[in-house]
Amino acid sequence: MSAFVLYVDDDPSNLVIFQASFKNAFPLLTATSGADALALMQKNEVAVLLTDQRMPGMSGVELMEKVRV
């Protein structure tokens, strides 16, 4: 299986729109929080991480800092 694009946003409607727009273009994963995104990344190979900046609990920058290689 190929690597996923992971989109993280605390607004569920944005996740639905993203999935509807790109579900046939590439393998997708979505998460509603930074913590959920980190859990998904432990179980799946993620090639691209797209994230909202302003989210409760962990900002997009904080998430990117945690996964930076």
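The values are calculated or read from the model by the stated rules, or taken from the named source; none is laboratory data. A quick note: this is a predicted structure, and the numbers were derived from the prediction, not measured. Cβ coordinates were reconstructed from backbone atoms using ideal geometry, including for glycine residues, and neighbour counts include every protein chain displayed. Accessible surface areas use protein heavy atoms only, side chains included; no ligands, DNA or RNA. Shrake-Rupley method; radii C 1.70, N 1.55, O 1.52, S 1.80 Å.
Starting from the Cα of S59, move 7 Å in the Cα-to-Cβ direction to define the label point; list residues of the range 19-37 whose amide nitrogen is under 15 Å from there. The answer is 34. Between A35 and R68, the simple spin-label model (points 7 angstrom out along Cα→Cβ) gives 2.4 nm.
For the range 39-69, which trypsin sites (Lys or Arg not before Pro) are both in a DSSP coil and crowded by at most 11 other Cβ atoms within 10 Å?
Numbers: sites: K43, R54, K66, R68; in loops: R54, R68.
Those satisfying the criteria are R54, R68.
Between T30 and Y7, the built amide H atoms are under 5 Å apart, and every one of these is 5 or more places off in sequence or on another chain.
Hey, what's the chain come to in accessible area per residue, 1.4 Å probe, Å²? Before the final figure, lay out each step's value.
On the way: 4540 Å² over 69 residues.
Here the residues of the chain average 66 Å² of exposed surface.
Would you work out the charge dipole size for the range 1-63 about its Cα centre, treating the Cβ of every Lys and Arg as +1 and the Cβ of every Asp and Glu as -1, and quote it to the nearest 20 debye? Present the calculation step by step, with values, prior to reporting the outcome.
Numbers: 3 positive and 7 negative charges, 38 e Å.
With only Lys, Arg, Asp and Glu charged at Cβ, the dipole is about 180 debye.
Evaluating 6.51 cos²θ - 1.76 cosθ + 1.60 at θ = phi - 60° for every residue in the range 30-40, the Karplus couplings come out as 10, 9, 9, 7, x, 5, 5, 4, 4, 5, 5 Hz, glycine and proline recorded as x. In this entry, the chain is assigned a mean projected area of 4.4 nm², taken as a quarter of its C-alpha convex hull surface.
Determine, for each peptide in 2-10, 25-33, the mean count of other beta carbons within 10 angstrom over its residues, then list the peptides with the highest first. Show your work: numbers first, answer last.
Working: 2-10: 18.1, 25-33: 16.3.
For the peptides 2-10, 25-33, the packing ranking is 2-10, 25-33.
Between T51 and V8, the built amide H atoms are under 5 Å apart, and every one of these is 5 or more places off in sequence or on another chain. A simple rule links phi to the HN-Hα coupling: the Karplus curve 6.51 cos²θ - 1.76 cosθ + 1.60 with θ = phi - 60°, which for the range 13-20 gives 5, 5, 5, 4, 5, 4, 4, 5 Hz, with x for Gly and Pro. Here each label is just a point 7 Å from Cα along the line to Cβ, and for F18 and A3 those points are 1.7 nm apart.
Carbon and sulfur together cover what percent of the accessible area of the chain at a 1.4 Å probe radius? Carbon and sulfur: 54 percent of the exposed surface of the chain.
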